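Single-structure report; data block below.
Just so you know, all these numbers are worked out from the coordinates, no wet-lab data involved. It should be emphasised that the depicted structure is a prediction, and the values quoted were computed from it without experimental measurement. Neighbour counts run over all protein chains shown; Cβ positions are idealised from the backbone, glycine included.
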Amino acid sequence: MTNEEKEKLLSWFQQNKRPLPWRTTKDPYKIWISEVMLQQTTSQAVIPYYKRFIQKFPTLQHLAQAQEEDVLELWSGLGYYSRARNLHKAAKMIYKKKQFPKSFKELLQLPGFGPYTSRAVSSLAFKEAVGVLDGNVIRVLTRKENLKWSWWQTKEKKQLQNMADQAVSQVDSSVMNQALMELGATICLPQNPKCILCPWNSACKAFESQTQNQIPLKKPKKSMEHWSWNIHFIRKQQKILLVKDPSLPVLKSQWVLPGNFRKLKSPPKSYKIKHTITHHHIYIQKIDQKRTLGSSIQWEERKWVPLNRIKTKAPSSLIQKVLSQVFSVYVLVFLLSCQHTPKPSAPNPLLFAKQLTFGGENTHPQPLGDFLHIAYISSKRKQHNNKQIYILNRKSLEEKRLTFQHGDILSLSAYKNFLAYASTTDEDKERLFEKKSGSEIYLSDLTGRHIKRLTFHKGYDSEVQLLAHSFLFVRGQENRNNIFIQPLKGKKAKQLTFSNTKKISPQLSPSHSYYAWAEQKEGFKEYDLVLSPFKPFKPKDLFTSKSGLIFPSWHPRKDLLIFSAQIGDSQFMEIYTYNPQTRCLKQLTHSSIDKRRPVFSPEGDLIYFESLNPSQIFVMNYVPPSKCLSL
């Protein structure tokens, strides 16, 4: 790698780097936390977890002196919980020595510090001249030199490490390593890399030979193991028995429901739940509900855990799936309401959420008129996700794919048993905002066989709300648009707003008395919730969310607005309701994770998605607080 190539990359990085929160510090502790979280997880997904973690444990001392269960609770949603346990163990060891190791060789001796993490922390925090080798860097280096190597083999991995070390020589290793990783994360993508925008395209041998989509070679997948797990669900009053079972092939050091594991030669013909952890397919075939342990059931470590603490003590999504099968929301609501009377400032224990989706990135939930199904947008593939509409049965949790668009589904709205959605008209969504493509709005029934195109603007039409005889939507550029309304049987849209601001989620109330939407004023990062009477049309800002998008929607039978926002002293996106007639604002949730796009179901439950990794959809019973907030 020549000095000129290094300078090109560094210059590109300074102009194009993303403003990630861990890039503003040289504190080795904070850099370490970010690097551990970024393993197996995207940067955008990590940001809220990182902020919460640093807020709770701002220094190494705070983490070292914390209880492991508190660390795991804050880690819930990131998965791979051994990362959190090793993080806690290493923090205690470093704190005991009173000094953070500076070299990657010293860091390698600590729990959870592999070759990548050790080199990343020593380089980014202490500028040690060592290269880092993650998936992004491997992709960049192999493509640049057109190397069709088995990069996962020891010999080839060592050669790539030497190349990474050479890349950071005679330059600031901290900046160069970040530049290489940034190039792989934003330009040199696994599929369809943006070679035209790459600062190294003139020196890239794979680009020259047009082999960039074949490099790097794909690592052979490890064969999957099949396991049967028959679970004992043992309840005593309002508590459930959890155990630690070292004989399990997965979740060895975690609190889990007791049960018997058995390895299978092939998948079973029938099962209640299927779950995948790394290279293990786990099938729950039987869930025995008991009230006593039984003499034959013995575990060294066990504890009785209150129902409202299960998610904290046993955060695995597999356990949450089992609980969803065993209990309905309403049974859990009853049991939890019998436990204790909360303090006024505590979260309402009646608001118990049931997880509906598992796996994939699931957003934009929309309940259907049959009281049973919901539609939502999901991307099932891990990389370069193609977002499509799926239909979920809330009882069986079975899902069915509805759309097979070439582009991405951007927004979704349901009215009775019909769906309106906005979809890009080009497979490459990046071209959308370069005015080389666009998005249009479509109408579909629940079979997906009868699809009607509603707009032909050849621009950016999105954020649709389907009504009985018309639909609301936004039209314009991605950051400058206006709200329109159009009849379902006509092609002429009426413009409602006339301002150069970003507007999302326009919603007309059931009585047709109010419009509501979220708006980002030019030059501001915050979003305002805007309300206007139907006639005369006079928009007025109601509330400002400190961060995150506001997505308002209305109760299906009354003019009650529901939305998620970060208002006042809230640290996360919480769910609120607002009555425009009484001007009463109520906060429904108090949590430690962002909740987005809440909607009312036909029976009055709340359906929303949490910003987990990946995002998942939940249902919650609606229990409004008695008092209005005073802001």
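One table, with the values for the structure above:
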{"read-out": "Other-chain or far-sequence residues with amide H under 5 Å of N146's (modelled H)", "value": "K205, A206"}
{"read-out": "Mean projected area (nm²) of the alpha-carbon convex hull when region 130-214 is viewed from all directions", "value": "5.2"}
{"read-out": "Amide H within-cut-off set for T501, under 5 Å, with H built and near neighbours excluded", "value": "N481"}
{"read-out": "Linear extension gain, K205 paired with L217, 0.36 nm per residue minus alpha-carbon span", "value": "2.8 nm"}
{"read-out": "Rg to Rh quotient for region 15-70, alpha carbon positions, Kirkwood Rh", "value": "0.99"}
{"read-out": "Net charge dipole size for the chain [Lys, Arg +1 and Asp, Glu -1 on Cβ; Debye, nearest 20]", "value": "1240"}
{"read-out": "Linear extension gain, I47 paired with T2, 0.36 nm per residue minus alpha-carbon span", "value": "12.8 nm"}
{"read-out": "Förster-model FRET efficiency, 51 Å R0, S396 and L488, C-beta, rounded to 0.05", "value": "0.95"}
{"read-out": "Relative contact order, percent, the chain [alpha-carbon distance under 8 Å, six or more residues apart]", "value": "8"}
{"read-out": "Which listed pairs, of K158/K205; K503/K525; K321/K416; K244/K321; K219/K321, have C-alpha distances above 23 Å, in listed order", "value": "K321/K416; K219/K321"}
{"read-out": "Region 354-553 shape via C-alpha gyration tensor axes, a/c threshold 1.5", "value": "rounded"}
{"read-out": "Ascending count of other beta-carbon atoms within 10 Å, so fewest first, for T577, T582", "value": "T582, T577"}
{"read-out": "Reference-scaled alpha-carbon Rg (2.2 N^0.38 Å with N residues) for region 171-277", "value": "1.84"}
{"read-out": "Added length on full extension, which subtracts the Cα-Cα distance from 0.36 nm per residue, K127 to N579", "value": "157.2 nm"}
{"read-out": "Ranked M176, M224, criterion: other C-beta atoms within 10 Å, fewest first", "value": "M224, M176"}
{"read-out": "Cα-only Debye scattering, region 503-570: base-10 log of I(q)/I(0) at q = 0.13, 0.14, 0.24, 0.27 Å⁻¹", "value": "-0.34, -0.40, -1.02, -1.19"}
{"read-out": "Relative contact order %, region 354-553, counting alpha carbon pairs below 8 Å whose residues are six or more apart", "value": "10"}
{"read-out": "P(r) of the chain over all Cα-Cα pairs, binned every 10 Å from zero, in whole percent", "value": "3, 14, 23, 25, 21, 12, 2, 0"}
{"read-out": "Two-decimal ratio, region 486-631, of alpha-carbon radius of gyration to 2.2 N^0.38 Å", "value": "1.05"}
{"read-out": "Net charge of Cβ neighbours under 10 Å - reference P199; Lys, Arg +1; Asp, Glu -1", "value": "-1"}
{"read-out": "Region 1-157 - convex hull of the alpha-carbon atoms, volume per residue in Å³", "value": "129"}
{"read-out": "FRET efficiency, 1/(1 + (r/R0)^6) with R0 25 Å, evaluated for E603 and R309 via beta carbons", "value": "0.35"}
{"read-out": "Cβ-based exposure ranking for I504, I409, I282, in which fewest neighbours within 10 Å come first", "value": "I504, I282, I409"}
